[in-house]
Amino acid sequence: MNKNLFLKLGLLLLSLSLVACGQKNNSVGKDDSSKSSINKSVSSTESSEKESVKTPLPSAENPVESKQKDQNTQQNATKNELLIVAGYNTVPGVCEYYLQDVNRTPKIEPSIITKSSSSYKVKTENNIYIDFILKVHNLNDKTKMAEDTITAKIKTNSNDYKCFSIAESANGHNLEKDTSIKPLETREIHYVAEVPKTEATGEITLTLTINGKDFSNKFNFEGMMP
């Protein structure tokens, strides 16, 4: 009788011990699952924070606007100023100039022609001179060569031609090459380009370069062929 009682008590204690162990294991499993869930949440939060602190890409509009501004600045810096036809035009400290006349002619002559007057004829058959006559007043305090004061070129039919200069003598009777202009002196200077007659038609652009700066204007020679 006592043996059966002890046996039953032993089985009861063993059952209680197994139940207690199972509950403990379940609790541990729940804790591990909770920890895993927390770790995932933390990892997701860290990833989100890392993404939020990434440096934003620069706007595509800014470089384009900056480039356009640079291009506009360059275009404004290189754009020629207008050569004013009427009246004197002043380049401070360098000269005043006045565009007096424009001709197409096979021969350059002074404004006052005498028996002894010099002249320049075209060197090549079927060529013609385009002659721009300027009155140039030297504002420099030193004597300057005409070509050191103003250089000129023309453009016709997309072709450029450099002009040479010939000055009229003080009395207007002759033409002089390599002429100097004294301080505060005014001389009439011919800026001349020799071109084929086929090039001396339609619209022609004259560009004067004075003190490193360009001054341009367009002329139409239709109907002016001698």
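The values are calculated or read from the model by the stated rules, or taken from the named source; none is laboratory data. Please read these numbers as outputs of a predicted model, since none were measured by experiment. Please note: Cβ atoms are built from the backbone with ideal geometry, for glycine as well, and neighbour counts cover all protein chains shown. The accessibility values were calculated without ligands, DNA or RNA, using every heavy atom of the protein model including side chains. Shrake-Rupley method; radii C 1.70, N 1.55, O 1.52, S 1.80 Å.
The figures follow:
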item: Residue identified as assigned to a strand (DSSP E or B) and either within 13 Å of Val94 (Cβ to Cβ) or open to solvent by less than 30 Å² (accessible area, probe 1.4 Å) (or both) among Tyr161, Tyr129; result: Tyr129
item: Members of the range 138-153 that are hydroxyl-bearing (Ser, Thr, Tyr) and either open to solvent by 90 Å² or more (accessible area, probe 1.4 Å) or part of a loop (DSSP other than H, G, I, E, B) (or both); result: Thr143
item: So Lys135, is it open to solvent by 60 Å² or more (accessible area, probe 1.4 Å), in contact (Cβ under 8 Å) with a residue 12 or more places away in the chain and part of a strand (DSSP E or B); result: yes
item: Odd one out for Asn103, checked against (1) under 17 Å from Tyr191 (Cβ atoms); (2) among the polar types (S, T, N, Q); (3) part of a loop (DSSP other than H, G, I, E, B); result: (3)
item: The range 167-189 - residue that is in a strand (DSSP E or B) and touching a Pro at 6+ places or on another chain (Cβ under 9 Å) and, of those, surrounded by the most Cβ atoms within 10 Å (Cβ to Cβ); result: Glu168
item: Test: residue in the range 203-213 that is in contact (Cβ under 8 Å) with a residue 60 or more places away in the chain and more than 26 Å from Val91 (Cβ to Cβ); result: no
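Yes or no, residue by residue, for (1) open to solvent by 30 Å² or more (accessible area, probe 1.4 Å); (2) in a helix (DSSP H, G or I); (3) modelled with pLDDT under 90; (4) farther than 20 Å from Arg104 by Cβ:
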site	(1), (2), (3), (4)
Lys155	yes, no, no, no
Leu206	no, no, no, no
Thr209	yes, no, no, yes
Lys218	yes, no, yes, no
